[in-house]
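A.B. asks: What follows is a structure written as structure tokens; I'll ask about it next.
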Amino acid sequence: MKNKILVTGGAGYIGSHTCIALHEAGYDIVVYDNLSNSSREAIRRVSNLIGESIKFIEGDIRDDEMLGQVFSSNDFFGVIHFAGLKSVSESVAEPLLYYDNNVSGTITLLEVMAEYGIKNLVFSSSATVYGDPETLPIDESSPRSCTNPYGQSKLAVEYILEDLAVSDNSWNLIALRYFNPVGAHSSGQIGEDPNDIPNNLMPYISQVAVGKLEKLSIFGNDYRTIDGTGIRDFIHVIDLAQGHVAALNYLKNQIIINKRDSIRFLPINLGTGNGTSVLELVNTFTEVTGKAIPYQFTDRRKGDVASCYASASKAKFLLGWEAKLSITEMCQDTWNWQSNNPNGYSVKDI
Ligand code: NAD
Ligand code: UFG
């Protein structure tokens, strides 16, 4: 049975953790990444953690020739497609870059996959495709809408995958809709390494804790939530990584063992099913680490929703997967990574 997987964007935050989980599950991985938001150091550390050198190719998903070479020299079962740009604010400033990278890049990847007859794909989608949810928890049949180019690029790819599955039923396309990934590998060797000042809550908190940033701004304390701050479904990146293994195992079982024709297009939430408020996360971080996080309340951030958390039952029912790690473990592991690597993967701390 083929077990070789192409991991686009495998040097990034979620990809690097998933590479370890895939290796432990017996998959043979090839990482393809243009390092636009990651570093060789991440690859080196993943190799150290798994005890063997990862196969790494520096390349862009928009480069069909290079992708073609990779597919012609490897016999893949399928692709896990993490490669993409992910900053909401940058996407508003540079929409063409985001549509080109995330949408055109995915089309190029799908074209090359089709050319080589590889039709199994796990795509990194996002809870952002649900926009401002009408009901909570959010299940996969909830209406989709987006308010920024990043979200639109994820939604556009979902539509493309749906249309592709209709046009040719030999495609097996799973879109994993991640909620809010946080945390790091328990070794403290790999974790999230934002380029500039973090946009997201957990890396911001941990950079305040380590003394790189002075104070957290909490965007809004007048939402209709338990304490007025936003509520999110934070999920440990290790659980998320296991979700990808479960998705691949599901594809294999359906296609090879159950001899089902195809999966077509299957969207699945990866979340815990629990909502945690911004203040609750800040307080847990302080309890776990002993680090006070100075904060101030500021205006709501444009485009933010009050509450967003998953119905996680489809993943449990179909994939046999559910998140196991708690908010406490998310804070502990984030701090272990941040305190051991105050400058992330930068050469300053090698
Ligand atoms: P990340 O930036 O750490 O990883 C993405 C990786 O893709 C990086 O290593 C980057 O260098 C690479 N990449 C980007 N464009 C590329 C291109 N054109 N060709 C080749 N490689 C390219 O981000 P992440 O947090 O690990 O996210 C992975 C995926 O999950 C992304 O598609 C992101 O949109 C999606 N996602 C992330 C979150 C989150 O909060 N982190 C939430 C929902 C969905
Ligand atoms: N927040 C603050 N201060 C900060 C950063 C965030 O108060 O400095 C608040 C936000 O207002 C929000 C919550 O913390 O209430 C979470 O914000 P994040 O930016 O960490 O995450 P989002 O829910 O806005 O978005 C994230 C990713 C998106 C992804 C989405 C759903 O950034 O890419 O989760 O998966 F699409």
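The values are calculated or read from the model by the stated rules, or taken from the named source; none is laboratory data. Just so it is clear, the model here is predicted, and its values are computed rather than measured. All Cβ positions, glycine included, derive from the backbone under ideal geometry; neighbour counts span all protein chains shown. Surface areas here come from the heavy atoms of the whole protein model, side chains and all, with no ligands, DNA or RNA. Shrake-Rupley method; radii C 1.70, N 1.55, O 1.52, S 1.80 Å.
A.B. asks: Calculate, in nm to one decimal, what I226 and D304 gain on full extension: separation in residues at 0.36 nm each, minus their alpha carbon distance.
C.D. replies: Result: 26.4 nm gained on full extension.
A.B. asks: Return one number: the angle in degrees, 0 to 90 and rounded to the nearest 10, between the long axis of the Cα atoms of helix 278-289 and the longest principal axis of the Cα atoms of the chain.
C.D. replies: 80 degrees
A.B. asks: While we're looking at this one, here's another question. Could you give each residue of the stretch 313-328 its phi-based ³J(HN,Hα) in whole Hz, using Karplus coefficients 6.51, -1.76, 1.60 with θ = phi - 60°, and x for Gly or Pro?
C.D. replies: Each residue of the stretch 313-328 in turn: 6, 5, 4, 5, 5, 8, 9, x, 10, 8, 5, 10, 8, 8, 4, 4 Hz.
A.B. asks: Determine which lysines satisfy two conditions relative to K324: a Cα distance under 22 Å, and not lying fewer than 8 residues away in the same chain.
C.D. replies: Within the straight-line limit of under 22 Å, K324 reaches these lysines: K314, K316.
A.B. asks: Another question about this same structure. Can you order the peptides 308-321, 157-170 by their average number of other Cβ atoms within 10 Å per residue, highest first?
C.D. replies: 308-321, 157-170
A.B. asks: Based on the Cβ-Cβ distance from T328 to T135, what FRET efficiency comes out when R0 is 25 Å, to the nearest 0.05?
C.D. replies: The pair T328/T135 has a calculated efficiency of 0.30.
A.B. asks: Given a 1.4 Å probe and every protein chain left where it sits, what share in percent of the accessible area of the stretch 70-133 is carbon and sulfur?
C.D. replies: 53 percent
A.B. asks: Mind telling me which of V288, V30, V182 comes out most flexible in a GNM of the chain, alpha-carbon contacts under 10 Å?
C.D. replies: V288
A.B. asks: May I ask you to evaluate 6.51 cos²θ - 1.76 cosθ + 1.60, the Karplus curve with θ = phi - 60°, for each residue of the stretch 77-94 and list the ³J(HN,Hα) values in order in whole Hz, giving x for glycine and proline?
C.D. replies: 6, x, 10, 9, 10, 8, 4, x, 9, 9, 8, 4, 5, 5, 5, 5, 6, 10
A.B. asks: Ok, one more. In terms of solvent-accessible area of protein heavy atoms at a 1.4 angstrom probe, what is the ranking of E287, E58, E111, highest value first?
C.D. replies: Ranking E287, E58, E111 by accessible area, largest first, yields E287, E111, E58.
A.B. asks: Related question: As a check on your grasp of the helix formula, calculate [θ] at 222 nm for the chain: sum -39500 (n - 2.57) over DSSP H runs of n ≥ 4, divide by the residue count, round to the nearest 500.
C.D. replies: That calculation yields -10500 deg cm²/dmol at 222 nm.
A.B. asks: Can you give the Rg/Rh ratio of the chain, where Rg is from the C-alpha atoms and Rh is the Kirkwood radius?
C.D. replies: Rounded to two decimals, Rg over Rh is 0.95.
A.B. asks: With every protein chain present, what is the per residue accessible area of the chain (1.4 Å probe, Å²)?
C.D. replies: 43 Å²
A.B. asks: To make sure I understand the rule: partners must be lysines, Cα under 18 Å from the Cα of K55, and not fewer than 8 residues away in the same chain. Which ones qualify?
C.D. replies: Straight-line reach from K55, under 18 Å: K2, K4.
A.B. asks: Given an 8 Å cut-off on Cα distances and at least 6 residues of separation, report the relative contact order of the chain as a percent.
C.D. replies: About 19 percent, as a whole number.
A.B. asks: At 7 Å along Cα-to-Cβ for each site, give me the label-to-label distance between N199 and D63 in nm.
C.D. replies: Each label point is offset 7 Å from its Cα along the Cβ direction, giving 2.5 nm.
A.B. asks: Now for a different question. Taking all protein chains together and a probe of 1.4 Å, list K119, K2, K302 from the most accessible to the least accessible.
C.D. replies: Per-residue accessible area, sorted high to low, gives K302, K2, K119.
A.B. asks: Express the carbon and sulfur contribution to the solvent-accessible surface of the stretch 147-223 as a percent, rounded to the nearest whole number, probe 1.4 angstrom.
C.D. replies: Carbon and sulfur atoms account for 44 percent of the accessible area of the stretch 147-223.
A.B. asks: Something else: Which values of log₁₀ I(q)/I(0), to two decimal places, follow from the Debye formula for the stretch 236-350 at q = 0.23, 0.24 Å⁻¹ with a uniform point scatterer at every Cα?
C.D. replies: With no solvent term, the Cα-only Debye profile gives -1.27, -1.30.
A.B. asks: Let me ask something else about it. Can you return the aspartates and glutamates within cross-link range of K154? Criterion is Cα-Cα under 13 Å, with same-chain partners fewer than 8 residues away left out.
C.D. replies: Counting by Cα, and skipping residues close in sequence, K154 has these aspartates and glutamates nearby: D100, E162.
A.B. asks: For the stretch 177-247 and the stretch 78-155, what is the separation of their C-alpha centers, rounded to whole Å?
C.D. replies: Taking the Cα centre of the stretch 78-155 as reference, the centre of the stretch 177-247 is 20 Å away.
A.B. asks: Using 0.36 nm per residue, how much length does the chain from N253 to E52 gain when fully extended, once their Cα-Cα distance is taken away?
C.D. replies: Full extension of this stretch gives 69.6 nm more.
A.B. asks: Using the Karplus equation 6.51 cos²θ - 1.76 cosθ + 1.60 (θ = phi - 60°), what ³J(HN,Hα) coupling, rounded to whole Hz, does each residue of the stretch 186-201 give in order, writing x for Gly and Pro?
C.D. replies: Per residue, the Karplus-derived 3J(HN,Hα) values read 5, 5, x, 8, 10, x, 7, 9, x, 5, 10, 5, x, 8, 8, 5 Hz.
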